[in-house]
Amino acid sequence: WRSDYDLRVATSNGERRFAMLSGGQRVKAALALQLALVQQFSQAGLCIFDEPTYALDTESRALLAEAIADAQALSKFEQLFVVSHDSAFDGHVEHTVALRYLPATGTLVE
């Protein structure tokens with residue numbers, strides 16, 4: 001990577017430099033790029049998203065959950081893991097493992 005590369009994002013208001021996007025817009029652009037790369041180049045059969053909804057609003061979290069589910073269908077991953085602290089993926093995943101931390105007992109699997 002070079003420090004002088006320039007990434008531009010097409011928005012409804014025209015083209016903007018990645019560096020000029022808000023935090024949430026940067027997350028969306030990065031996730032869109034990740035989804036595109038996963039769909040085109042992944043032959044591993046496995047994909048992991050760690051906290052993909054960070055800095056996204058409620059509507060964007062729901063749209064992302066749908067996009068990840070669509071990516072799984074198109075890419076035919078054998079396994080897709082999503083680590084998240086919110087409920088955006090409810091209804092979009094087959095299995096859920098909920099962890100809860102309590103100081104007195106430690107981490108519990110619910």
Note to self: Pairs please, first residue from segment 41-52 and under 13 Å from residue 74 (Cβ atoms), second anywhere and assigned to a strand (DSSP E or B) and modelled with pLDDT of 75 or more, Cβ atoms under 8 Å, 6+ apart in sequence or on different chains.
What the structure shows: 47/79; 47/80; 47/81
Notebook entry, point to check: Mind checking whether some residue in segment 10-29 is under 20 Å from residue 80 (Cα atoms) and either modelled with pLDDT of 85 or more or open to solvent by 60 Å² or more (accessible area, probe 1.4 Å) (or both)?
Noted result: yes
Checklist line | Sole exception among (1) surrounded by 10 or more Cβ atoms within 10 Å (Cβ to Cβ); (2) aromatic (Phe, Trp, Tyr); (3) closer than 23 Å to residue 9 by Cβ for residue 81, by number | finding: (3)
Check: List the pairs whose first member sits in segment 27-38 and is under 16 Å from residue 55 (Cα atoms), whose second member is of a type in the set (Phe, Trp, Tyr), and whose Cβ atoms are under 7 Å apart, counting only residues at least 6 apart or on separate chains?
Finding: 27/54; 29/18
Note to self: Just to confirm my filter: which strands (runs of 3 or more DSSP E) fall fully inside segment 10-110 and include at least 1 residues that are among the aromatic types (Phe, Trp, Tyr)?
What the structure shows: 46-50, 79-83, 99-102
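The values are calculated or read from the model by the stated rules, or taken from the named source; none is laboratory data. Note that the structure is predicted; figures quoted are calculated from it, not measured. Every residue, glycine among them, receives a Cβ derived from its backbone with ideal geometry; neighbour counts consider all protein chains shown. For accessibility, only protein heavy atoms count, side chains too; no ligands or nucleic acids. Shrake-Rupley method; radii C 1.70, N 1.55, O 1.52, S 1.80 Å.
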